[in-house]
Amino acid sequence: MIRIVTRVCPSNDVHALMLHGIHPVLARLYASRGVGSPADVETTMERLLPPAQLLGARAAAELLSQAIVSKWRILVVADYDCDGATACAVAVRGLRLFGADINYLVPNRFKYGHGLTPDIVDLVAHRPVGCPDLLLTVDNGIASLDGVAAANELGIDVLITDHHLAGDTLPAARVIVNPNQPGCAFPSKHLAGVGVIFYVLLALRALLREHGTFNNRPEPRLSSLLDLVALGTVADVVRLDANNRLLVAQGLNRIRNGKMQPGIAALFRVAACNVAHTSVFDLGFTLGPRLNAGGRLSDMSLGIECLVTDDPYRANELAQQLNTMNRQRRAIEVEMHKQALAGLTKLNLSDAATVTLFNPAWHQGVIGVVASRLKERFYRPTITFALADKSRECVKGSGRSIPGFHLRDALDLLSKRDPGLIEHFGGHAMAAGLTLRTKNISRFASAFEAIARQCLNKDALTRQIETDGELEDTYHTLSFVQLMDGVVWGQGFPAPVFSGIFDVLSQSTVGERHLKLQLARGRLRYSAIWFNHVEILPERARFAYRLMRDTWNGASRVQLVIEHAYHDVEPL
């Protein structure tokens, strides 16, 4: 069941925004998302929250300054998703601007798992190039108690930069920078991993500026890294609060003006995207999956190398490989999704609060994508499992949640109620990962369901589509779409969804699973598409839809992307 609601729009805020020259429709959209002042949507760097407010940033800057002056060997330990890859690239590119001796390592997810583990510490300690003096984690480390302890035993300093929620005990690292660690009063708790390391670099530059380091040489231009910050922030689906929107907007501006890393430019080329019209959607649904494909199917080192190389020819080669991997990932995902749906045919999900699935044939690197698809389809917190290794003794799980159910906290509660059931876990409110013994899957599914039933009522398990109401025909134009694309929409600041009644002139299935439509309202005609939907519609319906630019053979037009259609419309 789906409930359609129209966002509340305070008229006083709309009026105030319009008085400052903001487009009337934009004013309405902003006001319904809690914006009451033009300052709340300004995206100049002057409005960026200062790094001094981020707990540990100053101490991290002092440690990195010492490492650079002393010529320590710094090794970045990255995560294997898009946020981790971009965070690693920001760390490597940024610290090289300061003259650091820096390299990187991203654990192979299938061999070493997630984060700074004792096995990873042992691996880096015996590298042919020598043991590093400082390990710098990006997008991981807050749960790496054993890994940090192993590094300390070997005399290797550890600097953790992360954004995941902390457990009851923090690792004994030299410095921790994480807006979600206890005692941190940083106003934006939603920085992605790439945002955290970018803030550390800002703090480092500020410290060196105080020391007079740049009196006789230019300061590093950290703004050159904002394309990477934007990509990682959007791809990790963190909440786009005002500070994150600023970071993403600045990155998008650089990309649209052709100022980006060779690897990002190459990814745009293989995806056949128009850089001048790049939107948040392109970062999240075009570049992000291609970069993620390396970590899902093979080794994210491929994606990181694409982002750190300055050779455009090498970047093109790597982008082509990532593009091929992404096609393979999609094929695997489609098959796994079919198997998942087949496995759910015997279940009555109307009586269930969660979905938990395991298939020994599933690919560990793709279970998160499948969990996301199932969550969207059934609107239930969903966890999918695949075998962790060839021993078949353990499984890795990837979970996705819905509003009102904090997934990481639920796993934490479950682990305390049933100690020993979960081997490892970590994550966010909306996404998490975990490891179980294979024999405990059924026991976990029952316990997970019980916790969800305590937290979620029938209303919470009913999908709600919020719309921004009717949009006048005069705004169904490319210029209006361009205006909308100039705003950073995303998690927590949702893209506009409008609603209206249209006549259905024609409908046909394309790509076997999408519905292509020709709609009409009065004398005006509209092209529309409803992805992953093939149900035939009546001659007239009310639609909830987004506006997008559709470009084919160099020609652009407005396309309605359908979110939902409902039939309770009175005939003419």
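Miscellaneous remarks
- Each Lys and Arg adds +1 at its Cβ and each Asp and Glu adds -1 at its Cβ; summed about the Cα centre, segment 1-67 shows a dipole of about 340 debye.
- Farthest positive-ward along the chain dipole, Cα basis, beta-carbon charges - from PRO50, PRO10, GLY212: PRO10
- Fraction of antiparallel bridges per DSSP, the chain only, in percent to nearest 5: 65 percent
- Spatial separation of Cα centroids for segment 211-271 and segment 1-49, in angstrom: 25 Å
- More than 23 angstrom apart: percent of Cα pairs within segment 46-324: 49 percent
- Other residues with beta-carbon under 10 Å from the beta-carbon of PHE493 carry, at +1 per Lys or Arg and -1 per Asp or Glu, a net charge of +2.
- Helix 82-97 axis, angle to the chain major axis (alpha carbon atoms, nearest 10°): 50 degrees
- Going by neighbour counts of Cβ atoms within 10 Å, the residues LEU246, LEU145 line up, fewest first, as LEU145, LEU246.
- Per-residue [θ]222 nm for the chain (sum of -39500 (n - 2.57) over DSSP H runs n ≥ 4, rounded to 500): -11500 deg cm²/dmol
- The alpha-carbon of LYS375 sits under 19 angstrom from the alpha-carbons of these lysines, leaving out residues fewer than 8 places away in its chain: LYS338, LYS346, LYS396, LYS458.
- For segment 374-508, a Kirkwood radius taken over Cα pairs fed into Stokes-Einstein (10 °C, viscosity 1.306 mPa s) yields D = 88 µm²/s.
- Annotation: the residues ARG443, ARG296, sorted from fewest to most other C-beta atoms within 10 Å of their own C-beta, follow the order ARG443, ARG296.
- Protection proxy ranking, peptides 517-526, 52-61, average beta carbon neighbours within 10 Å, highest first: 52-61, 517-526
- Packing here is the average count of other Cβ atoms within 10 Å per residue, and on that basis the peptides 18-29, 531-542, highest first, run 18-29, 531-542.
- Residue (of GLY486, VAL121, ALA388) at the positive-pole extreme of the chain, dipole from beta-carbon charges: ALA388
- Dipole axis of the chain (+1 Lys, Arg; -1 Asp, Glu on Cβ), positive-most option in LEU225, LEU411, ALA276: ALA276
- Neighbours of VAL395 by Cβ distance under 10 Å: Lys/Arg scored +1, Asp/Glu scored -1, total +1.
- Electrostatic dipole magnitude of segment 347-461 [Cβ: Lys, Arg +1; Asp, Glu -1; Cα centre; debye, to 20]: 160 debye
- Cα-Cα pairs of segment 477-553 separated by more than 14 Å (percent): 68 percent
- Likely footprinting exposure, ASP13, ASP503, ASP79, ASP459, fewest C-beta neighbours within 10 Å first: ASP459, ASP503, ASP13, ASP79
- Proportion of all alpha-carbon pairs of the chain beyond 43 Å (%): 20 percent
- Computed magnitude of the charge dipole of the chain (debye, nearest 20; Cβ of K, R +1, Cβ of D, E -1): 760 debye
- Net charge, ALA125 excluded, C-beta distance under 14 Å - Lys, Arg +1, Asp, Glu -1: -3
Only the coordinates and a few stated rules stand behind these numbers; no lab work does. Remember, it's a predicted structure, so these values are computed and weren't measured experimentally. Here the Cβ is made from the backbone with ideal geometry for all residues, glycine too, and neighbour counts use every protein chain on show.
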